[in-house]
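To start, the structure itself, in structure tokens.
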Amino acid sequence: MVELIPDKASLERAAIREASLGDYQLIAALERKHGHQTRDRDAWLSRWLDNPLYRTMPRHWPAGWVLEDGGRLVGWCGNVPVEYTFRGRPVIAAKACGWCLEPGYRRFAGALVQPFFEQGADLMIGPDDTTAALAAGKSGAGRPPAGSWDTAPFFVADYAGFAGVALRAKGLPAPGPVRALAGAGLWAKDRLGAEAVPAGAPGLSMVEASRFGPGFDQFWDRWTRRYTGKLAAVRTGAMLEWRFQCLTGGTAPRRLAALRGGAIAAYAILHRHDDPASGLTRYRIADYRSLDPDPAVLAAVLREAIGLCGQEGVHVLESPAARLPGMEALDRWAPYRRRLAAWNFLYKCGDPRLAEALRDPAAWSPTAYDGPLGPGRVSPCGPARSSTRREFSGAAA
């Protein structure tokens, strides 16, 4: 692709304006041009029109901001409202989504992200793009005092497939026998050098939910009563359904639940986060919540998730960050980690009292669900579900 380099006159006439939902075609064309995940119009509009909070907002809420050069759209930063809860009170957050900026206009990154961080919401969570992250820091956004959001620990589930990706990345041939031999070597190294995920907690029954039913509403009610001092994005069934529709572009996430006495005691939501350029296939842990901080509960969920990856031939299971509260044991068990291009979670508070409270690491319990809205250059597409897994309706009592 030939990239147009703006001249001095173009840079001088470039201007930022508020985006509207009618800008879809222009924004989609920009995203396609730069290899970003592009949704059809209805799926894109669902970020706002199907958003349970947006439909009840008492004031105008900008869909985002765009950068234009002589009528040509060259940059975009989306803006979606999401409800959080903290100390028993609602917190209205703005989440950035869909960041895209022509390379020749990167000097405008700060100007494009500035209206997002100046809109005055209780909480603002910036884009996870590298260029945007650098600009966000200049707009007063900071890092949450919980989690390492530039490091992604991961487990290998399909060793032969993963070895093939690694060999091809080095320019080496990777026929089947070579992949199998290299994969066996990696497997042996991991068994000898890493602490294995232990057996799960007794009394738990692992199932896969077919929907975000009443069982998730009941779990969320119990979790918020137990952890009222934690900042957390709302996780009712309706909000989970909407959020993962936005995140996966209509492809169903995997909902793994640990039941105790027929009720959800913990769950993990997985979504596909493949790298088409390298051929790596990956499930990412988009959310994990547990009523019990016992690492054995996390172990039960992780063993189920790794097994799911293996059954489907997905190469890796990845956590989006390291040192996450309640998931610290994952860092010990995961034999691999990769450095990300940027710190993927930056925030700013419009409410000074909230800003002061969130300086305390104990106020945080973040997962990827609490961070930016969704991915850019990733593939949401995954294989069909395995028919051998036990499922439940999500309507557990």
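Computed quantities for the displayed model
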read-out	value
Selection status of Arg377, modelled with pLDDT under 95 and under 21 Å from the mean Cα position of the chain (by Cα)	yes
One residue from Arg39, Arg106, Arg72 being in contact with a Ser or Thr (Cβ under 8 Å, 6 or more places away or on another chain) and not aliphatic (A, V, I, L, M)	Arg106
Boolean, Cys349 is more than 27 Å from Ala252 (Cα to Cα), outside the structural domain of Glu83 (by TED's automatic domain parsing) and at pLDDT 85 or above	yes
Flag for Pro276 being surrounded by fewer than 20 Cβ atoms within 10 Å (Cβ to Cβ) and either at pLDDT below 95 or of a type outside the set (S, T, N, Q) (or both)	yes
Elements of type helices (runs of 4 or more DSSP H) contained in the range 222-337, each with 1 or more residues being over 19 Å from Ser210 (Cα atoms)	295-312, 328-333
Residue tally, condition buried (at least 22 other Cβ atoms within 10 Å of the Cβ) and either in contact with a Pro (Cβ under 6 Å, 6 or more places away or on another chain) or part of a loop (DSSP other than H, G, I, E, B) (or both), over the range 126-140	4
Enumeration of residues in the range 352-374 that are among the acidic types (Asp, Glu) and either at pLDDT below 95 or in the same structural domain as Val314 (by TED's automatic domain parsing) (or both)	Asp370
Count of residues meeting criterion [without any contact (Cβ under 8 Å) to a residue 60 or more places away in the chain and among the aromatic types (Phe, Trp, Tyr)] in the range 155-175	1
Failed condition for Arg106, given (1) surrounded by 23 or more Cβ atoms within 10 Å (Cβ to Cβ); (2) basic (Lys, Arg); (3) assigned to a helix (DSSP H, G or I)	(1)
Residue in the range 47-63 that is crowded, with 22+ Cβ neighbours inside 10 Å and in a strand (DSSP E or B) present	no
Odd one out for Ala188, checked against (1) in contact (Cβ under 8 Å) with a residue 60 or more places away in the chain; (2) more than 26 Å from Ala363 (Cα to Cα); (3) of a type in the set (A, V, I, L, M)	(1)
Lone qualifier among Arg353, Arg359, Arg332, Arg323 - being among the charged types (D, E, K, R), surrounded by fewer than 21 Cβ atoms within 10 Å (Cβ to Cβ) and in contact with a Ser or Thr (Cβ under 8 Å, 6 or more places away or on another chain)	Arg323
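The values are calculated or read from the model by the stated rules, or taken from the named source; none is laboratory data. Just so you know, these numbers come straight off a predicted model, no measurement behind them. Quick reminder, even Gly has a Cβ in these numbers, built from the backbone with ideal geometry, and neighbours come from all protein chains shown.
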